[in-house]
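The structure appears right after this line, and notes come after that.
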Amino acid sequence: MNLHDNGYDLDEAITHIVNRYGSKSTALIMVLQDVQKHYRYLPMEALKAVAKKMNLPIAQIYSVATFYKAFSLTPKGKHHVCVCTGTACHVRQAAVIVDNLSRSLNIQPGETTQDGEISFETVNCLGACALGPLVTVDDEYHGNMTVTILNKLLNELRTGKMAKTTEEVK
Ligand code: FES
């Protein structure tokens with residue numbers, strides 16, 4: 001996504017988002033969440049525009065943007081795959097899932113495929129340990145993950161035929 005699409009230029013987009021939450025500093029996280037949803041990351045030009053519109057120092061905005069792991073200063077893929085590597089998932093071979101994903105996508109956790117289609121990252125716990133090893137694809141949970149199921153999911157993602165649940169791809 002570039003900075004001038006969706007019918008908005010950057011200033012219009014930021015004005016629209018800031019007006020939604022107001023310009024008090026307490027609204028900053030919600031504003032940044034919507035900016036990231038709009039651009040799929042936080043472009044530096046957008047952070048400067050937020051600073052101007054909310055009348056906050058750019059240093060404050062940058063420190064919030066870099067403090068929270070949910071925010072990214074680099075472009076994210078159209079799809080987002082997240083592998084849990086917390087203890088419960090780790091003992092159920094989460095590392096094998098991570099290795100396979102790295103090899104299939106040719107990227108490391110935290111990176112995005114060259115075509116901008118898929119981002120991949122790891123997290124410490126997704127809060128559903130009994131389902132481990134657990135993977136989320138575009139925020140949907142897929143428990144009891146195996147390499148075979150993962151490869152089917154990736155294939156479905158790439159062809160735009162994502163199944164709704166892990167059960168559907170077994
Ligand atoms: S350790 Fe994976 S969901 Fe909790």
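The values are calculated or read from the model by the stated rules, or taken from the named source; none is laboratory data. Here the structure is a predicted model, which is why all the values come from computation and not from measurement. For neighbour counting, all protein chains shown are included, and Cβ atoms are generated from backbone atoms with ideal geometry for every residue, glycine included.
General remarks:
- The one condition in (1) farther than 22 Å from residue 30 by Cβ; (2) in a loop (DSSP other than H, G, I, E, B) that residue 120 fails to fulfil: (2)
- Selected residue (only one of 85, 112, 159, 148 is free of Cβ contacts under 8 Å to residues at least 40 places away in the same chain, more than 10 Å from the ligand (Cβ to nearest atom) and surrounded by 14 or more Cβ atoms within 10 Å (Cβ to Cβ)): 112
- Taking the criterion of being over 16 Å from the mean Cα position of the chain (by Cα), under 23 Å from residue 111 (Cα atoms) and touching a residue at least 24 places away in the same chain (Cβ under 8 Å), the residues of region 19-60 that qualify are 44, 45, 46.
- Residues within region 34-52 that are crowded, with 16+ Cβ neighbours inside 10 Å, in a helix (DSSP H, G or I) and modelled with pLDDT under 95, tallied: 3
- Scan of region 90-108 for residues that are out of contact with any helix residue (DSSP H, G or I) (no Cβ under 7 Å at 6 or more places or on another chain) and assigned to a loop (DSSP other than H, G, I, E, B), ordered by number: 91, 92, 93, 106, 107
- In region 60-74, the residue that is nearest to the ligand (Cβ to nearest atom) out of those that are surrounded by 15 or more Cβ atoms within 10 Å (Cβ to Cβ) and of a type outside the set (Ser, Thr, Tyr) is 71.
- Filtered by the rule that a residue be within 16 Å of the ligand (Cβ to nearest atom) and surrounded by 16 or more Cβ atoms within 10 Å (Cβ to Cβ), region 88-109 gives 88, 89, 92, 94, 97, 98, 101, 109.
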